[in-house]
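See structure below.
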Amino acid sequence: MALSITNYNNRFKIKGILTKKSIAEFQEAFRYVFETNDAITISLEGLEKIDRYGVNALAMLHNEALIKNKRLSIIGYGCKELYDYFKSEEAA
């Protein structure tokens, strides 16, 4: 399944595969998201697979939110790689 990103009321649902091949699509979808929104929520419930490039793309979005003093919530089960990454950042 390809990457699918839907948006309703500042809540984004990501479905499919977030890997090196789909990073450009992900980055384009979120390029100006913090220009018009103070807070967004990203649901990863439908995410089937994520690689290190996908984790890095979400981490860069997280860093952008911090720099611009915006709120970013990432919710959903099933992405252990992503959970481990943010858990290690919290400890650091």
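Results, tabulated for the structure shown:
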{"read-out": "Residue in region 40-51 that is basic (K, R), at negative phi and exposed (fewer than 13 other Cβ atoms within 10 Å of the Cβ) present", "value": "no"}
{"read-out": "Matching residues, region 1-47, being under 12 Å from I74 (Cα atoms) and small (G, A, S)", "value": "A39, S43"}
{"read-out": "Some residue of region 21-30 being in contact with a Phe, Trp or Tyr (Cβ under 6 Å, 6 or more places away or on another chain) and not β-branched (V, I, T)", "value": "no"}
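Coordinate-derived values only; no laboratory data. Keep in mind the model is a prediction, meaning the values are calculated, not measured. Neighbour counts run over all protein chains shown; Cβ positions are idealised from the backbone, glycine included.
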